[in-house]
Structure formats: C-alpha cells, structure tokens
1. I'd like to check something: does region 90-98 contain any residue that is surrounded by fewer than 15 Cβ atoms within 10 Å (Cβ to Cβ) and either without any contact (Cβ under 8 Å) to a residue 12 or more places away in the chain or of a type outside the set (Lys, Arg) (or both)?
2. Test of understanding: among ALA81, ALA68, which residue is buried (at least 19 other Cβ atoms within 10 Å of the Cβ) and in contact with a strand residue (DSSP E or B) (Cβ under 7 Å, 6 or more places away or on another chain)?
3. Please specify each residue of region 21-70 satisfying the condition of being in contact with a Pro (Cβ under 9 Å, 6 or more places away or on another chain) and in a helix (DSSP H, G or I).
4. What do you reckon, is GLN115 at negative phi and surrounded by fewer than 18 Cβ atoms within 10 Å (Cβ to Cβ)?
5. So which pairs qualify, if the first residue must be in region 123-138 and over 13 Å from LEU43 (Cα atoms), the second must be modelled with pLDDT of 95 or more and not aromatic (Phe, Trp, Tyr), the Cβ gap must be under 6 Å, and the two must be at least 6 apart or on different chains?
6. State whether one or more residues within region 53-64 are farther than 30 Å from SER119 by Cβ and either at pLDDT 95 or above or of a type in the set (Ser, Thr, Tyr) (or both).
7. Could we say that SER49 is surrounded by fewer than 17 Cβ atoms within 10 Å (Cβ to Cβ) and in contact with a strand residue (DSSP E or B) (Cβ under 6 Å, 6 or more places away or on another chain) here?
8. Suppose we keep only residues that are touching a residue at least 40 places away in the same chain (Cβ under 8 Å) and of a type in the set (Asp, Glu) within region 1-34. Which one would you say is farthest from PHE65 (Cα to Cα)?
Amino acid sequence: MRKNEIQVLVNWGDTDVAGIVYYPNFFKWFDIAGHHFFRNAGLSPLKLSEEQQIILPILDTRCTFKHALYYDDILTIKTAASEINNKTIKLNHEIFRNDTMAGSGYELRGWVKKQKDGSISAVRIPDHVRQVLMDEPETETVEQKPMFNA
C-alpha cells in the first residue's frame, strides 16, 4: 500500500500552558498528513472537489497518545493506506519525534460525491484510484519542510 512522510514543526500555539502539545493537534496533524498523502498520490483533494465533485470527509478517527511533545519539536508523520474498501479509505498515521513514537492512529475517509442539488452521497471508489492507493511507489515520498506544514 502507498506510504507518505512529512515533517511538522511544533509551534508555540500548539502547546498548552504547561508547554506540552495540546492533544487535538494530533488530529490536526493527521488531517495535514492525509491531505499530503492524497496530493502525493496525484489525488489532490481540491482538484477532486473542483473537477469531479468528490470530497473526502473523515468518518471516524482515533489516536493513541504515547509520549508528550513540546514547542519546537520537529515531528515526522508517517502515513500509509491500510484499507481501501468500496467507499472508504483508511489511513494509518504514526507521529515520531526522532526515533520515539509519540502517537499513532487512523482516519477513515469516505469517497463522497457532491450532487447538483447540494446533497452528498458515498460512491464507489474508481478502480484506477484504488490501484494508485494500493501500489507502493518505487521511491518513498518524504517532505522535509517543517516550517510550512504546520
């Protein structure tokens, strides 16, 4: 299955009064990593929405917190497609500071079409999209611009 890595810099605003990363930021970083994952697979969420009226809403998410993170930490977020069903895609995320895993979890995203009347409905993921997500690229994508990804 396809994999992706990005780096994120922990900003001061990501922390609480004790200087520890506030837990909702793990979900923010999952979302950022998910969007980078789709872009690097040639499935830009913006283009999908504009050109095909496909959106990728989060249907379920979970995170297990293992170690605290702090201001100015540089994090590596590893994302991998773990399940591709008829109408959903599950992305697993692992957040590392150096070699220490700080948290892990997943996002379950729907493959959803916006209709002209404003309604939305889940639709079958096309075979060519399924193939792109299942194929592991020959070279792994690693984005290392932590100042720009947060």
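1. The first filter runs over region 90-98 and keeps only residues surrounded by fewer than 15 Cβ atoms within 10 Å (Cβ to Cβ), leaving 98.
Then keep just the ones that are either without any contact (Cβ under 8 Å) to a residue 12 or more places away in the chain or of a type outside the set (Lys, Arg) (or both); that gives 98.
Yes.
2. Values: ALA68 fails: buried (at least 19 other Cβ atoms within 10 Å of the Cβ).
After applying the criteria, what remains is ALA81.
3. First, the residues of region 21-70 that are in contact with a Pro (Cβ under 9 Å, 6 or more places away or on another chain): 34-35, 38-41, 54-56.
Those that are in contact with a Pro (Cβ under 9 Å, 6 or more places away or on another chain) and in a helix (DSSP H, G or I): GLY34, HIS35, PHE38, ARG39, ASN40.
4. On the way: at negative phi: yes; surrounded by fewer than 18 Cβ atoms within 10 Å (Cβ to Cβ): yes.
Considered against the rule, which asks whether it is at negative phi and surrounded by fewer than 18 Cβ atoms within 10 Å (Cβ to Cβ), GLN115 comes out as yes.
5. Correct list of pairs: VAL123/LYS113; ARG124/ASN86.
6. Taking region 53-64 first, the residues farther than 30 Å from SER119 by Cβ are 63-64.
This time we only want the ones that are either at pLDDT 95 or above or of a type in the set (Ser, Thr, Tyr) (or both), so: 63-64.
Scanning region 53-64 turns up at least one residue that is farther than 30 Å from SER119 by Cβ and either at pLDDT 95 or above or of a type in the set (Ser, Thr, Tyr) (or both).
7. Numbers: surrounded by fewer than 17 Cβ atoms within 10 Å (Cβ to Cβ): yes; in contact with a strand residue (DSSP E or B) (Cβ under 6 Å, 6 or more places away or on another chain): yes.
Yes; evaluated as a whole, the condition is true for this residue.
8. The extreme case among them is GLU5.
The values are calculated or read from the model by the stated rules, or taken from the named source; none is laboratory data. The structure displayed is predicted, hence computed values, not measured ones. Cβ coordinates were reconstructed from backbone atoms using ideal geometry, including for glycine residues, and neighbour counts include every protein chain displayed.
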